[in-house]
Amino acid sequence: MSYDLCEELIIEIFSRLPSKSLLRFRSVSKSLCACIDSPDFIRLHTLQSPKKVLMIHQFPYEREEHLKNIYTLHAQGQFPNNPCTEIPQIKFPFSFKIVGSCNGIICICGNGDLHLWNPSIRRIVTIHDLSSWCRRYYECISAGVLGFGFDPIIDDYKILRITTPTSCIYSMKTRTWRVIASPVTPLITFVKLDQCLFNGALHWAVKRYLTDARDECDYFIMKFDLSLEVFSTIELPEPSWETSVVTIIKGCLGVISSDNHDRSWIWVRREDNNTDSWCVAYKLDTNPFKGAGKVFQITPNDELLYNVHCNGIRVYNLGTKGLSRLVASSEPSTSLVDMDVCVENLGW
């Protein structure tokens with residue numbers, strides 16, 4: 001076949017194959033192995049790989065000696081009532097919280113350390129954190145907030161740890177932590193720990209109290225540019241409305257807010273004439289996203305996948321306003337505890 005097809009076409013075909021097949025093909029010949037292992041091919045394959053949703057299932061504790069956690073990978077938009085049906089179940093190597101995912105690399109905080117994990121090639125790199133701490137739904141900056149993303153300028157994965165009075169950033173290229181300036185925020189500030197990586201920058205929803213009595217608050221977005229390594233803020237269209245979700249909606253940065261009448265609004269931030277402005281994408285008479293953590297747009301037909309802390313993973317259709325809840329397996333005590341979106345990556 002290689003004698004009948006040009007090299008460019010072969011590379012194009014191979015870049016669309018699953019990583020499991022490509023890992024086997026590496027043993028065919030030295031030239032093919034060199035091609036698959038080349039940085040250019042790995043980058044192309046990652047860009048061509050379709051996005052999948054990684055779901056973590058937690059089994060009852062009495063079975064802990066056999067298998068406590070597993071994960072499954074699902075093509076976006078293909079979520080049956082039982083996500084384990086005919087989906088390979090693979091042991092999940094950790095027992096804590098996903099910080100974020102980028103280019104198929106997943107950052108996980110657990111067992112007092114940070115871990116970078118590539119499920120495509122089953123590689124794990126452990127990074128000793130500067131201190132042990134627990135991730136909760138919201139966290140005060142003084143206790144520490146984590147972020148993970150990719151710097152496209154220098155081709156480097158970075159882990160951010162925000163604390164006061166100084167913050168730190170970890171570079172995968174140098175394998176070292178560096179101290180950087182912390183964001184300037186009020187003392188009584190709480191950050192929603194579920195990050196959103198968009199256009200080379202990390203984003204978090206932030207709640208700040210305006211008085212020491214904590215009887216008045218507003219919300220804004222904290223942004224960190226991974227290349228410039230600087231913090232900034234983005235004001236929200238309705239800063240007094242409760243906003244705990246920052247996500248990507250229709251290719252734009254979006255937030256989900258709720259007013260005093262428990263109605264929810266989905267706003268997107270669009271660039272128009274070199275200026276950014278918020279506009280309403282959806283308005284709902286209810287608030288199905290109350291208590292939601294990560295929210296992903298999983299299909300082009302207005303479906304959102306989101307997890308509710310301690311209450312599973314759900315799918316909401318913005319068009320039909322239909323709500324469904326995914327179940328982990330036929331065992332009633334098994335639960336879905338976390339999720340993230342990832343692609344396949346042969347390298348790193």
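The values are calculated or read from the model by the stated rules, or taken from the named source; none is laboratory data. Bear in mind that the values here come from a model prediction, so they are computed numbers and not experimental data. Note that each Cβ is placed from the backbone with ideal geometry, even for glycine, and that neighbours are counted across all protein chains shown. What goes into the accessible areas is simple: the full protein's heavy atoms, side chains included, and nothing from ligands, DNA or RNA. Shrake-Rupley method; radii C 1.70, N 1.55, O 1.52, S 1.80 Å.
Once you have the Cα-Cα distance between Lys91 and Asp212, take 0.36 nm times their residue separation minus that, and quote the gain in nm to one decimal. Before the final figure, lay out the partial values.
On the way: separation 121, 0.36 × 121 = 43.56 nm, distance 4.65 nm.
Net length gain for the segment: 38.9 nm.
Could you order peptides 50-57, 118-125, 100-107 by the average number of other Cβ atoms within 10 Å of their residues, highest first? Can you show the working numbers first?
On the way: 50-57: 19.2, 118-125: 16.4, 100-107: 23.1.
Those peptides, ordered most packed to least, come out 100-107, 50-57, 118-125.
Please list the three semi-axes, largest first and in whole Å, of the ellipsoid equivalent to the stretch 1-48, using sqrt of 5 times the eigenvalues of its alpha carbon gyration tensor.
Semi-axis lengths for the stretch 1-48 are 15, 13, 10 Å.
Leaving out ligands and nucleic acids, and using a 1.4 Å probe, what accessible area per residue does the stretch 1-48 come to in Å²?
It amounts to 73 Å² per residue over the stretch 1-48.
Taking 7 Å along the Cα-to-C-beta vector as the label spot, tell me the Ile180-Val280 distance in nanometres, rounded to one decimal.
3.7 nm
What number, rounded to the nearest 500 deg cm²/dmol, is the helix-based mean residue ellipticity at 222 nm of the chain, given -39500 (n - 2.57) per DSSP H run of at least four residues and division by all its residues?
Here the helix-only value at 222 nm equals -2500 deg cm²/dmol.
Given a 1.4 Å probe and every protein chain left where it sits, what share in percent of the accessible area of the chain is carbon and sulfur?
Carbon with sulfur: 52 percent of the solvent-accessible area.
Which semi-axes, in whole Å and largest first, does the equivalent ellipsoid of the chain have when worked out from the alpha carbon gyration tensor as the square roots of 5 times its eigenvalues?
Square roots of five times the eigenvalues give 34, 25, 22 Å.
At Leu228 and Glu8, where each label point lies 7 Å from the Cα along Cα→Cβ, what is the point-to-point distance in nanometres?
3.8 nm
Can you work out the FRET efficiency for the pair Asn260 and Lys30, with r the C-beta to C-beta distance and R0 = 56 Å, to the nearest 0.05?
Plugging the Cβ-Cβ distance into 1/(1 + (r/R0)^6) gives 0.25.
What whole-number value in Å² describes the accessible area per residue of the stretch 215-264 for a 1.4 Å probe? Can you show the working numbers first?
Numbers: 2150 Å² over 50 residues.
Value returned for the stretch 215-264: 43 Å² of accessible area per residue.
If a/c stays under 1.5 just call it rounded; otherwise compare a/b with b/c (prolate if a/b is bigger, oblate if not). Do that for the stretch 134-263, with a ≥ b ≥ c from the square roots of the Cα gyration tensor eigenvalues.
It comes out oblate by the Cα gyration axes.
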